[in-house]
Structure formats: C-alpha cells, structure tokens
Amino acid sequence: MRIVGFGQDDSKQEVTQQNRTVTVASPVRSLVSINFDRMNKPLTYYNDQFDLKPGDRVFVTGKLEGEIRIVESVTTKFRIRISDYQRVLAIAQTPIHGTYFSTGDMMLSYDSEALSSDDFHQWFLPPVEKAEEPEDEVIFGDGFEIVMDDPSASDGFDPAVFDRAIDYCRSGRIGYISVRNGVGKAFISGSHWYEVDFRLAGNVVKEAYCDCPYAGLCKHLLAVAVMLNAKQHHNEIDLSRNFTLVESNRFWNMARHTRQTVTL
Ligand SMILES: [Zn+2]
C-alpha cells in the first residue's frame with residue numbers, strides 16, 4: 001500500500017473530514033477572474049452565491065456554461081452594472097477520501113466515506129439554470145431486471161443495444177457506479193450524462209431505471225450490468241460489499257485538484 005499526497009492538508013478540511021459535516025460559508029459578493037484555456041485572457045464573473053477563494057472550481061453562466069474552471073483571483077471592491085456580467089452558477093467542492101484500488105480502468109473503494117453519487121454529480125454534471133417552463137411529467141413503469149451473467153434473457157433485450165453497451169464499457173463512458181446497502185447509482189456519459197438507478201441483489205440488477213430518452217432496456221442499463229459482471233468474473237470486486245467505482249481518468253482529475261490524501 002502506498003500513500004500519495006496531493007498538496008498540503010488543509011486544517012479546515014481535516015475538521016470537515018472527522019466530523020462528517022459540511023460547513024457552508026455565507027455568500028460574499030465578489031467579482032472573480034477565471035482562466036479558460038481557449039481564451040486569451042481571464043474572464044470576469046459576478047458572484048453573489050458563494051464565498052469564493054482563488055483555487056475554487058466553479059461553473060458559470062453564459063457561453064462557457066458547462067465547463068468547470070478554477071478561480072484565479074477574487075475582489076470584493078467593485079461597482080458594476082449587473083446586466084454586463086455573467087454569473088458564477090455553482091461550485092464543486094468534492095474532497096476525495098478513502099482507500100482506492102486500481103481495477104482495470106476504474107478505481108474501486110469499499111469505504112463508506114468514498115466519493116458519493118452527489119459528489120460525483122456535483123463535479124462532472126454541469127448545473128443548469130432552472131427552466132422557465134414546467135418539466136414534462138415522467139411516468140415510470142416497472143423497473144428493468146437484468147441477470148448479470150445472462151443479460152439476453154432480460155425483457156426488452158436487443159442485441160444491437162447490447163453491442164453498444166459493450167462499447168460503452170470499453171471506452172470509459174461509465175463514470176461512476178456505487179452500491180450502498182443494495183441501492184445502486186451510476187452515471188454514464190454519452191452525448192449527455194445519464195443517470196441510472198437500480199438495486200443490486202446477488203448477481204441481479206433490478207428495479208433499474210435510466211433517465212435517457214430511450215424508453216426500453218437501454219445501453220446504459222446494460223452497460224452497468226456488463227461492467228459489474230466483468231469485474232466480478234475477474235475477481236476484481238466483491239459485489240456483496242458496499243462499493244464505489246470511479247473511472248480512472250476522472251478520478252485522477254479530481255484527486256489532482258482536491259489536495260487530499262488518497263490511499264492506494
Ligand atoms: Zn439509458
């Protein structure tokens with residue numbers, strides 16, 4: 001086992017880690033300067049929702065919406081016309097805790113404090129401003145059920161969709177899977193991020209739903225079942241335990257920026 005440090009431990013974050021509480025600072029109005037790789041100079045955004053500090057990772061409104069970026073500098077001395085500025089929309093505060101093992105192209109942890117689905121969501125799924133119009137009503141039928149070592153027996157199985165699911169497993173599109181006390185959550189990236197909810201009972205993925213537009217047994221649901229089955233088949237995971245799987249590239253991207261100590 002090897003300990004890898006990412007920068008210095010922040011004493012405030014230590015406290016947060018021990019008490020398992022999150023302290024939300026009251027917002028401080030500020031103008032923040034943010035560097036975007038493809039822009040020649042930093043852009044300035046108005047912030048009235050957070051107490052931002054240089055180094056914070058944020059999402060903004062406007063044409064660069066959906067890109068997570070680092071705050072370079074912050075000032076509270078300003079006078080602006082509000083309509084001239086895009087705003088800071090959300091902040092990603094996702095410390096990584098726990099012990100992770102490398103299994104293929106995913107990092108695996110059995111720790112209860114390992115990355116939660118909410119944390120993953122906050123980091124990788126850009127927030128959207130609330131839409132004006134009311135959302136469509138979503139109607140649920142029975143959830144899908146997939147026996148992991150025999151997915152072709154599932155209701156609604158389509159071999160062509162299954163092939164796409166295999167491609168998804170191979171190409172790192174499964175960003176996150178966790179199961180806590182039988183309740184599972186996964187995030188899979190395609191043209192958008194899609195969210196899968198399921199229950200895991202033995203080697204059966206059941207009561208499974210995906211929020212993608214496809215009404216039937218979709219490639220995202222199948223991909224989750226195929227990935228878990230492959231890892232179990234290769235003795236890379238104990239599915240009877242609570243576990244968290246995070247795609248390696250995304251894991252290291254987060255670890256690089258969170259100044260936490262991760263045990264490998
Ligand atoms: Zn889907």
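Residue selection: residue 133 fails the criterion of being acidic (Asp, Glu), modelled with pLDDT under 90 and closer than 26 Å to residue 44 by Cα. Considering (1) surrounded by fewer than 19 Cβ atoms within 10 Å (Cβ to Cβ); (2) at pLDDT below 90, the lone condition that residue 96 does not fulfil carries the number (1).
Residues in the range 204-231 that are in a helix (DSSP H, G or I), within 13 Å of the ligand (Cβ to nearest atom) and not hydrophobic (A, V, I, L, M, F, W, C): 219, 220. Residue 211 falls short on exactly one of the conditions (1) within 20 Å of the chain's Cα centre (by Cα); (2) over 21 Å from residue 105 (Cα atoms); (3) at pLDDT 95 or above, and that condition is (3). Within the range 140-191, the set of residues being touching a Ser or Thr at 6+ places or on another chain (Cβ under 8 Å), within 16 Å of the ligand (Cβ to nearest atom) and in a helix (DSSP H, G or I) comprises just one member, 162.
Of all the criteria given as (1) assigned to a loop (DSSP other than H, G, I, E, B); (2) surrounded by 15 or more Cβ atoms within 10 Å (Cβ to Cβ), the one not satisfied by residue 112 is (2). Of everything listed in (1) at pLDDT below 90; (2) β-branched (Val, Ile, Thr); (3) surrounded by 17 or more Cβ atoms within 10 Å (Cβ to Cβ); (4) more than 17 Å from the chain's Cα centre (by Cα), the single unmet condition for residue 139 is (3). Is it fair to say residue 255 is more than 14 Å from the ligand (Cβ to nearest atom) and closer than 22 Å to residue 123 by Cα? When the stated conditions are applied, residue 255 passes them.
The values are calculated or read from the model by the stated rules, or taken from the named source; none is laboratory data. As the structure is a computational prediction, the values presented were derived from the model and not from experiment. Counting neighbours? That spans all protein chains shown, and the Cβs are built from the backbone with ideal geometry, glycine included.
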